[in-house]
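The values are calculated or read from the model by the stated rules, or taken from the named source; none is laboratory data. Only a predicted model underlies this, so the values are computations on that prediction, with no experimental measurement involved. Don't worry about glycine lacking a Cβ; one is built from the backbone with ideal geometry, like all the others, and counts go over all protein chains shown.
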Amino acid sequence: MTRPQNGDLSSLKQPFFNRNDDARVPGEAIVKLTPEATSQIREHIPDISIADSIGARCLGIAEVDLTLQEIGVRSISHLHSPSPPVWNGQGWVEPDTTFYYAVRFDPKRQADAIALLSHTTGIVLAESNYWREGAAANPSRTQEAPEQWGLERIGCPAAWKYTEGDPDVVIAVIDSGVDLHHRALYQQLASGRNFVAFDKFPTVPHGLRLSGNYTNPTTPPWDEHGHGTHVAGKISCARVRGSSPTGVTLNCTILPVRAFARAHDWRNNQPTSWGDDKAITAGIDWAVTHGARIINMSFSNIAPLSEAQKNAIDYAIRSDVVVITSAGNGGDGWPMQPAATPGVIAVGATDSNNQPANFSSRGDHVKIWAPGVDIWSTHWGRSTYASMPGTSIAAAHVSGVAALLFSLKLNLTASDVRRLLLETTTPITSGSADPDITGGLVNAEKALRKAAE
């Protein structure tokens with residue numbers, strides 16, 4: 001059969017925002033209080049899953065409450081679930097994530113709300129909440145299974161002689177959710193969490209329409225779009241009669257974290273998924289405190305990374321978690337986020353000729369590559385399968401190899417796994433001397449062989 005080659009932007013959905021577009025969620029902010037101000041809170045502040053139903057509108061801190069009243073506060077919620085204290089070298093202290101809150105206010109005050117909050121005593125950071133676009137692609141094939149060239153190319157059959165994965169190794173997939181009833185996935189799934197909590201009548205960008213469940217985060221993390229299911233099945237997928245396994249691991253545990261809702265882009269007439277900094281940040285923190293050894297974030301955006309999301313990623317890395325992201329599908333060297341964030345492992349996509357896919361973003365921060373053209377994996381609805389392209393699925397390959405390394409030796413640190421992944425790559429070929437092409441192709445067999453030494 002013809003092997004998939006290159007890959008082009010036409011096979012992927014086109015980004016909704018351009019580089020100069022305003023991607024702020026109207027009437028929403030993320031604020032960080034000082035530890036002193038946090039200790040003065042006299043009101044019960046819920047987390048984002050129940051903020052609207054309880055309707056907290058003040059903190060019990062006089063000066064902060066005056067500013068909140070001035071901007072027309074509608075709800076206040078704790079951005080993160082409670083986290084255990086951390087050792088700072090001298091004693092046990094509250095983690096930095098404790099001090100972050102999400103604020104909804106009158107969208108008519110968008111122009112001055114952030115400035116007013118920033119100049120309020122007790123608030124050390126105030127920033128807008130940004131829309132974040134999911135990186136889903138339309139399935140290119142949903143019937144006959146193609147050759148599993150990606151698993152073969154990175155040496156999975158040889159790596160499985162060392163281990164096929166350990167259920168104690170947990171990989172959080174922060175995405176559009178997972179098909180919780182898929183016959184190849186349900187055995188692999190831990191009890192996840194839904195963090196999608198948009199306003200009931202959100203002010204969305206022109207040309208976008210949210211659908212499905214985008215207001216009720218108390219429901220399970222069901223996938224209503226397909227991207228998260230496809231990514232999860234490439235990381236870990238059980239053997240099912242009549243179907244070949246699609247996952248890099250066969251036994252590791254997936255922790256579904258839903259941070260993106262289903263939407264439709266009327267500009268480009270295509271389905272898509274949308275989240276925000278609030279959901280992603282809360283999801284990262286929750287995954288860390290619920291046992292994830294690896295966090296897979298197969299999405300990338302042009303908008304700058306918020307301080308809140310950067311802080312959550314830093315918290316994960318300090319907590320000995322491997323954070324793996326897709327490089328992005330921009331086809332150039334523009335540093336997408338969170339791929340360009342220090343400490344994460346950003347993954348570019350290759351074709352079956354071992355060349356960078358045309359659509360793959362690249363740059364000095366992209367140190368490792370993996371198959372990302374016509375990749376077969378689980379698909380949402382009726383336990384089906386499909387092929388999709390993108391750096392999203394490339395990142396899933398690398399997350400799977402990281403999970404195999406932890407499975408082989410549970411005492412490995414995140415730094416150990418990062419080093420093994422990067423030191424055992426094989427060269428990729430580029431059609432031209434592109435200075436933005438760095439790093440090599442992930443190699444599961446070489447990485448596990450070196451870990452076993």
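Some points to look at:
- Residues of region 49-97 classified as among the small types (Gly, Ala, Ser), over 25 Å from the mean Cα position of the chain (by Cα) and either modelled with pLDDT under 85 or part of a loop (DSSP other than H, G, I, E, B) (or both), total: 7
- The residues of region 351-375 that are touching a helix residue (DSSP H, G or I) at 6+ places or on another chain (Cβ under 7 Å) and of a type in the set (Val, Ile, Thr), listed by number, are Ile368, Ile375.
- Residue ranges of helices (runs of 4 or more DSSP H) in region 335-453 with at least 2 members surrounded by fewer than 21 Cβ atoms within 10 Å (Cβ to Cβ) and of a type in the set (D, E, K, R): 414-423, 444-452
- Scanning region 318-334 for residues that are modelled with pLDDT under 95 and not in a loop (DSSP other than H, G, I, E, B) turns up just one, Arg318.
- Those residues of region 28-48 which are over 31 Å from the mean Cα position of the chain (by Cα) and not aliphatic (A, V, I, L, M), in sequence order: Glu36, Ser39, Gln40, Arg42, Glu43
- Some residue of region 243-258 being basic (Lys, Arg), surrounded by 24 or more Cβ atoms within 10 Å (Cβ to Cβ) and within 30 Å of Pro46 (Cβ to Cβ): yes
- In the set (1) polar (S, T, N, Q); (2) touching an Asp or Glu at 6+ places or on another chain (Cβ under 9 Å); (3) free of Cβ contacts under 8 Å to residues at least 12 places away in the same chain, Ser273 fails one condition alone, (3).
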